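Enquirer: Here it is, the structure in full.
All of the numbers you see were taken from the coordinates with simple rules; none came from a lab. The shown structure was predicted, so the numbers you read here are calculated from the model rather than taken from an experiment. Ideal geometry is used to build each Cβ from the backbone, glycine not excepted, and the neighbour counts take in all protein chains shown.
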Amino acid sequence: MGFVYVIQFFVPHPPFDKFQNWGNDWIQIIAGFAIFLGILNLLKVSSEKIYKKSKGWGYAAITIVGFLIMTIAGLYEGKDYQNPGTSFYWIYFTMFFPLNSTMFAILAFFVASASYRAFRARNKEATLLLLAAIFLMLGRTPLGDYLSGWAPDGWQLKNISDWIMDFPQTAGQRAIMIGIALGIISTSLRVITGLERTFVGGE
């Protein structure tokens, strides 16, 4: 299947151009079965935690209860389950949505802690990263406009922030994306040719 997609990408002519649609149909069918497998796996793992009273088994119970409530609400409402006024809509926006926001709010403190450790000026590269972060943060806030409002056009913090994002950041991002793409290509070729078998539990 990997080679089928590779061929249709480089040879977009009949009959190879039909391969993508054919493959996408099969992907949707397999994904449908994978959803049921995922649900069964979630229920199995959580039930085992509850039965064995493993560490965090209370969270597993909440996971099962939440899953059942959302599933029943969605099935009860039918195809209109996403419309305002339905029980599914109410549960989502009064319970799940605030919980999701709370989780990301907590993550902000972890990000701030990690940024503090990463931005300590211990060498030239870390100092450069720290200066770029300062310019970016000030350039994206009203405080930056207040501090550099007197500067001529092109030298205000907002302009410096935009320049950092447009040139050094873009260059670094493209280099990282090229490296990621090469890594994906090499790993995909190993999987397609059977050299990489860890994803099926091999050594």
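Enquirer: List the DSSP H helices in the chain whose Cα atoms stretch 15 Å or more along the helix axis and whose mean Kyte-Doolittle hydropathy is at least -0.5.
Expert: 18-52, 57-77, 97-118, 124-139, 168-192
Enquirer: On to the next question. Run the simple label-point estimate for TYR59 and ILE7 please: 7 Å along Cα→C-beta, distance reported in nm.
Expert: Between TYR59 and ILE7, the simple spin-label model gives 4.7 nm.
Enquirer: For segment 121-203, which trypsin sites (Lys or Arg not before Pro) are both in a DSSP coil and crowded by at most 13 other Cβ atoms within 10 Å?
Expert: ARG122, ARG197
Enquirer: Quick one: dipole size for segment 1-54, taken about the Cα centre, charges +1 on Lys/Arg Cβ and -1 on Asp/Glu Cβ, in debye to the nearest 20.
Expert: Value, rounded to 20: 480 debye.
Enquirer: Do the sum for the chain: with -39,500 (n - 2.57) for every DSSP H run of n ≥ 4, divided by all residues, what is the mean residue ellipticity at 222 nm, to the nearest 500 deg cm²/dmol?
Expert: -24500 deg cm²/dmol
Enquirer: Along the charge dipole of segment 1-54, Cβ charges K/R +1 and D/E -1, which of VAL6, LEU43, ASN21 sits furthest on the positive end?
Expert: LEU43
Enquirer: In cubic angstrom, how much convex hull volume per residue do the alpha carbon atoms of segment 72-203 span?
Expert: Per-residue hull volume (Cα only) is 268 Å³.
Enquirer: For the chain, build the charge dipole from Cβ charges (+1 Lys, Arg; -1 Asp, Glu) around the Cα centre, then report which of TRP163, PHE110, ALA175 sits farthest towards its positive end.
Expert: PHE110
Enquirer: About the Cα centre of the chain, how large is the charge dipole given +1 on each Lys and Arg Cβ and -1 on each Asp and Glu Cβ? Please answer in debye to the nearest 20.
Expert: Its charge dipole is roughly 840 debye.
Enquirer: Quick one: net charge of TRP90's neighbours, Cβ under 15 Å, K/R +1, D/E -1?
Expert: Within the 15 Å Cβ shell, the charges total -2.
Enquirer: Put a dot 7 Å past each Cα toward the Cβ at ALA181 and TRP163; how far apart are the dots in nm?
Expert: Placing both labels 7 Å beyond Cα along the Cβ direction yields 2.9 nm.
Enquirer: Let me ask something else about it. Please rank PHE19, PHE67, PHE93, fewest neighbouring Cβ atoms within 10 Å first, as an exposure proxy.
Expert: So the residues, fewest neighbours to most, are PHE93, PHE67, PHE19.
Enquirer: Something else now. Determine which lysines satisfy two conditions relative to LYS53: a Cα distance under 18 Å, and not lying fewer than 8 residues away in the same chain.
Expert: Reachable lysines: LYS44.
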